[in-house]
2 protein chains.
Amino acid sequence: MNKPPLTPLSSLGEFGLIDRLTRRARLTNPSSCRGAGDDAAVLDYNNGKRVLVSSDMLVEGIHFDLAYVPLKHLGYKAVAVNASDIYAMNGTPRQITLSIAVSSRFTVEALDELYEGVYLACEKYGVDLVGGDTTTTTSGACISITIIGEADKDRIVYRNTARVRDLICVSGDLGAAYAGLQLLEREKRVLDGNSIAKPDLDNHHYILRRQLKPEARGDVTQRLREASILPTAMIDVSDGLSSELLHICRGSGVGCRVHEEKIPVDPCTASLLEELNINPITGALSGGEDYELLFTAPLDNFDALSTIEEISIIGYITPPEEGCHLVTRDGSLVEIKALGWTNFKNNE
Amino acid sequence: MNKPPLTPLSSLGEFGLIDRLTRRARLTNPSSCRGAGDDAAVLDYNNGKRVLVSSDMLVEGIHFDLAYVPLKHLGYKAVAVNASDIYAMNGTPRQITLSIAVSSRFTVEALDELYEGVYLACEKYGVDLVGGDTTTTTSGACISITIIGEADKDRIVYRNTARVRDLICVSGDLGAAYAGLQLLEREKRVLDGNSIAKPDLDNHHYILRRQLKPEARGDVTQRLREASILPTAMIDVSDGLSSELLHICRGSGVGCRVHEEKIPVDPCTASLLEELNINPITGALSGGEDYELLFTAPLDNFDALSTIEEISIIGYITPPEEGCHLVTRDGSLVEIKALGWTNFKNNE
C-alpha cells in the first residue's frame, strides 16, 4: 500500500505552518476574547472569579517515546494532564497556550497528528487553544502547555489544607498507567530484538489507554459538587500515590493512615504487574501518571462519598506526630516514602 | 584559583530543587493571590480589566548557544522577550510561569545562575513568578515561559488595526542584536581555532548587551500613555522590521511606505555590520531580536511623537494596492519581503 508523500516543515514557512496548525482553533469560552495571532491572547475574567494558571512540559525521551506513543495520543495527553491540574484546584479549565519545539525530522503531517489530539482534548475539556510558540530543536521534541482556568474564590481547593480526622479519598484506580508503560517498554525491547514480532498488546486495552490517553477527572469534581461535597485538600496523582499523599500531609502539617486493601487497583493492572514481578500496590504507590484526584474531605461526608462509584475512601488524616503510614493487609504499619521523581538520576 | 565544587542536580531531589529555585519568588502584584507550590497558581482579575497571555520557547542550539550566552543573561532575556509581547499589546506584565528542561550535565549552580537572571528581570518588569515545571532532557536545554498581563479593555492595541495614512513608528534602534550575534559567532569561530585568543569584544558593549540582555520597552508604552497617544496597531520587533511590517500590513489589509534613511540604526551597529560586509539596513530589516516596538498612530500625533526621543517616525500606511515598499536613499522603491524565520531549514 502506498503511503501519501510527507511534507517537510520547511516547505510551509512560519506563517503557513502556524496557520495550518491553528486554523481549527475555535474560541468557545466567553472568557476567550481573542486567541492566537497577536502578541498575546486576550481573556476576560471580570466576573468575580479567580484565574488559575498551570504549566507542564513534556520532553521526548523523558516523558514520551515516539517509538510507541502515537502523536495524536501525545497531543491529547499533553492537554489532559494540564486540565488535571486545574480540576485538582477544583476549577474549570478554559484556555491553553501550546508551545512546541521539534527537529526537522518531524513532518507537517506529524504535527497535524499531534494537533489533532490537542484539539480532541480541547473539545473534551471545553478548553480553547489561544496561543503559543512553534519552533525547532537540533534534535528531539519538547511540548510545553500552560493552562488557564477559573474557580469561585471560595471553592478553590489547595493541597495544604487537610485537617486531622478528614477522610482520604481517591478517584478511579491506580497503577494502570504505570503498568501500561511497563508493557510498552517490554514490547519495545521485544521488537528491538526481532522486527517481525507483533506486539502482544491485544488483551491490555485498558492499561494501554490509561498510559497513552489518560483523562482528567473533571467528572469527579462535578460529582462532588452535585453531592455538595467540598474537599478540604486536593491534588492530582501524577507522580504516584505516595508522593501526592506526602505533598498533602507535609503541606498541611498532618499525618495519614492509608489502608492497603482500600487502594483501588484494576484487576487487569494487578495481573499484568504480577506477571512482570511487580507488586501491584507498589505500582499504585509509586507508578505515577494516573491523573486521578486524591483529596481529603470532612468525616461527615462519609455516607455521601460512599455512594459515588468512582471514589474510594482509602484512609484518614492523623495528627502529624503519627507520621504517614500504610496499613498493610496483615495489619502492620509501613512508613510512606516518596519514590516518584528520579528524573535527574537516569540520564546523561 | 580554586573554583567551589559544583552540585549535581540529582543531589537535591525534586522538592529540594524546586524549593531552592522558587524560594526567592516574591508575589508583589495584588493580582497574584497564590504562586508556585500547588497544582496551579491563583490570580485575581476581577477589576474589569482584560487578561493577556503569551508564551515563548527558547531552545539550546536554536535560540541560544551556551558557549557564549551566560545563563544569567539567558534567564533575563527569557523573561524580557515575554514582557515585550505584553507591552506590544499595550498591557502591563504581571505574572510568569517558567518551565525548564535541562540535561543532567547542568549543575545546581547553573540553574541558580539562570534563575538569578529570571528574578532580576521579574524585578525590573514588576512580574511575579507563580509556577511552572522543572524537568530533564536526554540532551540540550529548553525554556518555556508563559506571561500573563492585564490591560484596560479599551486600550489594548492589536496588530491588525492599522489605518491608511497612519504614521509608522519604531522605538530605539534596530539591527544591534543581530550585529551582536554576528560578533559572538565570529569570536566563537576564532576561539574554536585558537583557545588562547581573547575574544575581541571590548568595544562592542552596546551591541553585545542588545543581544545578550535585551530590554522590553515598557518605558515606551508609558511615554506614549503620558503623551496621550494610543497607537492604532502595535507589534514587537522579534523577527526583524520587514517581517513585523508585513504582519501589521497583511493583518490590517493595508500597504506601507518606509523610508530607509529614517530607520534608526546605532553607529556602533552600522560600523560593525559594515566591517562584516553586511548592509546595516539589511540587519535592521531582517536581523531580529531587537524587541523594540513597531506601531502605527494617527497622523495628528505627528508633533507629539516627534518630541519623544526614543521614537522614530519611519513611514506611513498606504492603501493596500500600493503594496509594502521601502523608499531607498536614492528614491527608488523596493518591495519589502520577510526574511526572518528560517528555523526549519537549518538543522538536522
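Observations on the model:
- If you go through segment B:260-280 and pick out every residue that is in contact (Cβ under 8 Å) with a residue 24 or more places away in the chain, of a type outside the set (D, E) and under 14 Å from B:L241 (Cβ atoms), you end up with 6.
- Selection status of A:Y115, in contact with a Ser or Thr (Cβ under 9 Å, 6 or more places away or on another chain) and of a type in the set (F, W, Y): yes
- Flag not set for A:S252, criterion: free of Cβ contacts under 8 Å to residues at least 60 places away in the same chain, of a type outside the set (F, W, Y) and outside the structural domain of A:V69 (by TED's automatic domain parsing).
- Selection within segment A:115-135 - over 15 Å from the mean Cα position of the chain (by Cα) and buried (at least 24 other Cβ atoms within 10 Å of the Cβ): A:V127, A:L129, A:V130, A:G131, A:G132
- Checking B:H325 against (1) within 14 Å of chain A (Cβ to nearest Cβ); (2) assigned to a strand (DSSP E or B), the condition it does not meet: (1)
- Residue list for segment B:202-234, filter: modelled with pLDDT of 95 or more, surrounded by 24 or more Cβ atoms within 10 Å (Cβ to Cβ) and over 11 Å from the mean Cα position of the chain (by Cα): B:T221, B:L224, B:P231, B:A233, B:M234
- Flag if A:H247 is out of contact with any Gly (no Cβ under 8 Å at 6 or more places or on another chain), at pLDDT below 95 and either in a helix (DSSP H, G or I) or loosely packed, with under 15 Cβ neighbours inside 10 Å (or both): yes
- Flag for B:V51 being surrounded by 24 or more Cβ atoms within 10 Å (Cβ to Cβ), β-branched (V, I, T), at pLDDT 85 or above and over 16 Å from B:S144 (Cα atoms): yes
- Of all residues in segment A:117-137, those satisfying the criterion of being within 19 Å of B:T137 (Cβ to Cβ) and modelled with pLDDT under 90 are A:D133, A:T134, A:T135, A:T136.
- The condition of being more than 22 Å from the chain's Cα centre (by Cα) and either on the phi < 0 side of the Ramachandran plot or more than 8 Å from every other protein chain (Cβ to nearest Cβ) (or both) holds for only one of A:S55, A:S99, A:S84, A:S103, that being A:S103.
- B:L174 crowded, with 22+ Cβ neighbours inside 10 Å and within 30 Å of B:N203 (Cβ to Cβ): yes
- From B:S84, B:S54, residue being under 22 Å from B:Y158 (Cβ atoms) and in a strand (DSSP E or B): B:S54
The values are calculated or read from the model by the stated rules, or taken from the named source; none is laboratory data. As the structure is a prediction and not an experimental result, all values here were calculated from the model. Neighbour counts are summed over all protein chains in view; Cβ atoms, including those assigned to glycine, are modelled from backbone coordinates with ideal geometry.
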